[in-house]
Amino acid sequence: MVQQPSTTLTATQLRLQKGTPDSPARQTLRRFRRHRLAMAGLLIIIILVVASLLGSQADALGQNLKAMNKPPSADHWLGTDRIGRDIFARTLVGGRISLAVGLVAVFFSTSIGVVLGALAGYYRGWLDHLIMRTVDVVLSFPVIILLLCVASLVGPSIFNVMAMIGLLTWPIPCRIMRGQFLTIRERAYVEAAHCIGVTDFEIALRHILPNAIAPLLVYASFAVATAVLLEAGLSYLGLGVQPPTPSWGNMLNTARNISTMERNSWQWIPPAITTVLFVLAVNFVGDGIRDALDPQAKGD
Amino acid sequence: MGRYIIRRLLINIPVLFGITILVFTFIQLTPGDPVSAYIRPELGSSVEMRDQMRKQLGLDQPAPVRYLRWLGQTLQGNLGYRILGGQPVNATLWRVFKASSVLMLTALALGCLVGIPLGILSALRQYSKLDFLLTALAFLGVASPSFLLGLGGLFVLGLKIPLFPIGGMVSTNSDFSLLDFLHHLALPALILGFGYNAILMRYTRSSMLEVIRQAYVTTARAKGLGERAVIFGHAFRNALIPVITVIGLALPDMVGGAIITETVFTWPGMGSMLIDSVNGRDYPMIMGISLVVAVAVLLANLLADLTYALADPRIRFK
């Protein structure tokens with residue numbers, strides 16, 4: 001009896017027959033979508049972002065001296081603070097501030113890190129040494145110590161917090177970028193580009209950078225969480241975002257007073273929970289992005 | 001090995017100078033006149049008096065001169081006098097350094113003793129319920145900075161169920177006793193340790209997972225070694241190498257976490273002192289603390305590098 005060829009085709013074979021193989025980007029996206037924790041994290045982030053965009057600035061800043069330090073009720077879902085501002089509205093609007101600080105700070109730090117890392121990795125030599133030793137110096141200090149010193153120097157404000165976190169956290173993306181450039185600059189296609197007379201700038205931008213971006217993306221996703229936590233810590237100490245503007249960090253500042261912490265716990269628990277939830281969600285998403293970009297790093 | 005040590009040491013010397021220059025520059029740029037903090041308000045402040053004070057404090061010299069003078073004194077172990085109160089920085093720094101070290105080392109020990117074994121367990125039972133639970137806990141530990149955990153811990157275990165004191169290092173109303181001290185130490189150390197624990201667990205797990213797939217582990221199993229000998233004799237020792245580096249690299253973050261956690265528990269260490277000094281513009285104290293922290297971090301990294309080389313011949317002989 002002659003063996004019949006199998007008539008059932010796998011999904012991949014079908015797709016190949018139709019002539020539409022998955023692009024690497026599509027494969028990455030599919031791997032990301034299959035990562036359950038990452039999808040859950042993404043959902044949490046979307047909810048937090050939408051909620052914080054819906055928050056009412058007027059409610060968050062409007063004082064009501066007849067309703068000071070009120071516990072949660074139908075009027076004020078999460079109670080009021082010591083000058084009668086609605087905690088729910090402040091948590092939402094505070095989220096807007098905290099998330100904006102996080103995103104802008106990471107944008108600053110990644111931009112600086114990419115430029116310096118690319119210069120160090122591409123040109124090597126004394127420039128590389130100078131940049132990398134500077135990185136070593138900055139990395140020897142816990143970021144929060146530098147932040148405290150600079151905060152006392154420039155005075156606290158939203159913009160300063162963003163700029164400071166950005167300016168003091170660039171060494172990590174710089175190191176990542178340098179490492180990528182060091183390896184990729186030796187590839188044959190970079191040499192080929194050199195041979196046909198492409199300028200250094202174009203090579204770095206068009207040939208090396210697109211191939212170096214994956215680990216940077218992973219860094220950036222985790223860094224948003226770090227930046228939000230730094231803002232929270234700084235504002236908790238009273239050196240970050242200043243009242244009356246709410247941020248998750250400066251709402252936590254009320255908990256520095258032990259009796260407020262105990263008796264008016266509704267004033268600091270909501271921002272504490274949203275902060276942890278957001279950071280947790282970002283970590284899940286970051287993990288998902290890492291696994292999706294690098295299938296070999298699975299199970300880590 | 002000797003050449004490796006010397007190279008690592010040489011690389012660190014410019015970094016050390018960079019640190020001192022950075023610290024000094026920061027402090028020079030700080031606004032506010034330290035002289036104001038030094039003159040008692042009830043004496044009033046005439047221009048002559050301020051000038052005299054400035055001269056007395058050496059603040060009238062140009063910056064490079066002040067830097068070199070400061071560096072010279074620093075190398076001799078003299079960190080000057082505090083602007084608030086006028087005590088030597090040395091003495092205060094030593095006191096807060098001891099307090100911080102006790103807290104951090106206890107937390108680090110707790111983190112290692114719990115985190116590393118749990119990381120191994122988690123790797124050996126990959127994708128089991130236990131692994132899932134531990135990973136979730138580790139995520140929570142990484143996501144909640146120690147000061148938020150500290151606020152939660154203080155609220156629940158210090159105020160609602162008052163098992164632990166709410167702050168300080170010793171009770172003020174009684175003589176010093178070791179038990180009382182440990183009672184104060186327990187909560188902040190546990191909270192801080194939980195964060196370290198999470199980091200170490202994650203790294204031990206992934207490092208262990210990597211090692212366990214290596215050919216030499218299969219060989220060890222194939223030649224009939226017992227599971228215990230395979231795990232501890234072959235896999236664990238190699239898995240530990242990257243973990244050592246991680247402890248060195250994570251140290252700045254750990255110190256950073258400790259700084260805010262200290263203020264939550266009013267632990268009289270370098271963190272609380274730093275915040276007070278920043279608020280009081282106590283330049284010499286800020287300099288002293290930043291310097292000590294940065295040098296400690298540098299030394300820890302060096303130590304990690306050397307341990308790494310000691311444990312891994314591939315690095316030693318490169």
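Just counting partner chain Cβ atoms within 10 Å, what average do the residues of peptide A:46-56 show around their Cβ?
Neighbouring Cβ atoms belonging to other protein chains average 0 per residue here.
Heads up, I need the accessible area for B:LEU124: 1.4 angstrom probe, whole protein in place, Å², nearest 10.
Here the accessible area works out near 80 Å².
Can you grab the distance from the C-alpha centre of region B:156-198 to the C-alpha centre of region A:202-281, Å, no decimals?
Measuring centre to centre over Cα atoms gives 27 Å.
Dipole magnitude of chain B about its Cα centre, charges +1 at Lys/Arg Cβ and -1 at Asp/Glu Cβ only, in debye to the nearest 20?
Its charge dipole is roughly 1280 debye.
Taking every residue in A:125-137, how many Cβ atoms of other protein chains lie within 10 Å of its Cβ, on average?
3
Whose amide H sits under 5 Å from the amide H of B:THR266, counting only residues 5 or more places off or on another chain, with H placed in the peptide plane?
B:GLY168
Would you mind working out the magnitude of the charge dipole of the protein assembly as shown relative to its Cα centre, with +1 at each Lys and Arg C-beta and -1 at each Asp and Glu C-beta, to the nearest 20 Debye?
1520
Which order do the peptides A:83-94, A:103-114 come out in when sorted by mean C-beta neighbours inside 10 angstrom, highest first?
With the highest mean Cβ count within 10 Å placed first, the list reads A:83-94, A:103-114.
When chain B is treated as a GNM, springs tying every alpha-carbon pair under 10 Å, which of B:SER277, B:SER207, B:SER144 comes out with the largest mean-square fluctuation?
B:SER144
Placing unit charges on C-beta atoms (Lys and Arg positive, Asp and Glu negative, everything else neutral), compute the dipole magnitude of chain A about its Cα centre in debye, rounded to 20.
540
Taking the dipole about the Cα centre of chain B, with the C-beta of Lys and Arg at +1 and of Asp and Glu at -1, give me whichever of B:SER128, B:PHE164, B:LEU105 is farthest to the positive side.
Farthest along the dipole direction, towards plus: B:SER128.
Where a Cα-Cα gap under 18 Å defines reach, which aspartates and glutamates qualify for B:LYS129, not counting those fewer than 8 residues away within the same chain?
B:LYS129 reaches A:ASP300.
Please compute the average number of Cβ atoms from other chains found within 10 Å of each residue's Cβ in peptide B:122-133.
0
With every protein chain left in place and a probe of 1.4 Å, what is the accessible surface of B:LYS160, to the nearest 10 Å²?
Result for B:LYS160: roughly 120 Å² accessible.
Using a 1.4 angstrom probe on the protein heavy atoms only, line up A:TYR123, A:TYR219 by accessible area, largest first.
Accessible-area ranking of A:TYR123, A:TYR219, largest first: A:TYR123, A:TYR219.
What is chain A by shape, rounded, prolate or oblate, if you read a ≥ b ≥ c off the alpha carbon gyration tensor as root eigenvalues and call it rounded for a/c under 1.5, prolate for a/b larger than b/c, and oblate otherwise?
Because a/c hits 1.5 or more and a/b fails to exceed b/c, chain A counts as oblate.
Can you list the residues, at least 5 places off or on another chain, whose amide H is less than 5 Å from the amide H of B:TYR81, using H built in the peptide plane?
Close amide H contacts, sequence-distant or interchain: B:VAL89.
With θ set to phi - 60°, apply the Karplus curve 6.51 cos²θ - 1.76 cosθ + 1.60 along region A:119-127 and write out the HN-Hα couplings as whole Hz, x wherever there is a Gly or Pro.
4, 5, x, 7, 8, 6, x, 5, 4
What does the highest-first list of A:26-32, B:73-79 look like by mean Cβ count within 10 Å?
The peptides rank, most packed first, as A:26-32, B:73-79.
Using just the helices of chain A, give the 222 nm mean residue ellipticity in deg cm²/dmol: DSSP H runs with n ≥ 4 each add -39,500 (n - 2.57), and the total is spread over all residues, rounded to 500.
-22000 deg cm²/dmol
Evaluate the relative contact order of region B:93-311 (contact order divided by residue number), counting alpha-carbon pairs under 8 angstrom at least 6 apart; express in whole percent.
For region B:93-311, the relative contact order is 30 percent.
Using the Cα centre of chain B as origin and beta-carbon charges of +1 (Lys, Arg) and -1 (Asp, Glu), tell me which of B:ASN173, B:VAL278, B:VAL297 is placed farthest towards the positive end of the dipole.
Farthest towards the positive pole: B:VAL297.
Give me a comma-separated list of calculated 3J(HN,Hα) values for region B:232-246, in order, Karplus coefficients 6.51, -1.76, 1.60 applied at θ = phi - 60°, integers in Hz, x for any Gly or Pro.
Along region B:232-246, the couplings run 7, x, 10, 6, 4, 4, 7, 5, 6, 4, x, 5, 4, 4, 4 Hz.
To two decimal places, what compactness ratio does the protein assembly as shown give when its Cα radius of gyration is scaled by 2.2 N^0.38 Å?
Its radius of gyration relative to the 2.2 N^0.38 Å reference: 1.07.
Rounded to the nearest percent, how much of the accessible area of chain A (1.4 Å probe, protein heavy atoms only) is carbon and sulfur?
The C+S portion of the solvent-accessible surface of chain A is 65 percent.
Nearest 500 deg cm²/dmol is fine: what mean residue ellipticity at 222 nm does chain B get from its DSSP H runs of n ≥ 4 alone, each adding -39,500 (n - 2.57), divided by its residue count?
The helix contribution divided over chain B gives -24500 deg cm²/dmol.
Using a Gaussian network for chain B with springs between C-alpha atoms less than 10 Å apart, which of these wobbles most: B:PRO14, B:PRO145, B:PRO284?
B:PRO14
Using a 1.4 angstrom probe, figure out how much accessible area chain A has per residue, in square angstrom, rounded to the nearest whole.
50
Springs between alpha-carbon pairs under 10 angstrom, Gaussian network model over chain A: which of A:PRO244, A:PRO215, A:PRO171 fluctuates most?
Looking only at A:PRO244, A:PRO215, A:PRO171, the largest GNM fluctuation is found for A:PRO244.
Given the options B:PRO242, B:PHE155, A:GLY62, identify the residue whose Cα lies farthest towards the positive end of the charge dipole of the protein assembly as shown (+1 on Cβ of Lys, Arg; -1 on Cβ of Asp, Glu).
The one lying farthest along the dipole's positive direction is B:PRO242.
What accessible area, in Å² to the nearest ten, does a 1.4 Å probe give for A:CYS149?
10
Report, to the nearest 10°, how far helix B:129-143 tilts away from the longest principal axis of the Cα atoms in chain B, using its own Cα long axis and a range of 0 to 90°.
10
The values are calculated or read from the model by the stated rules, or taken from the named source; none is laboratory data. If you're wondering where the values come from, they're calculated on a predicted model, not measured in any experiment. Heads up, the Cβs are rebuilt from the backbone with ideal geometry, glycines too, and the neighbour counts pull from every protein chain shown. Remember, those area values only see protein heavy atoms, side chains included, never the ligands or the DNA or RNA. Shrake-Rupley method; radii C 1.70, N 1.55, O 1.52, S 1.80 Å.
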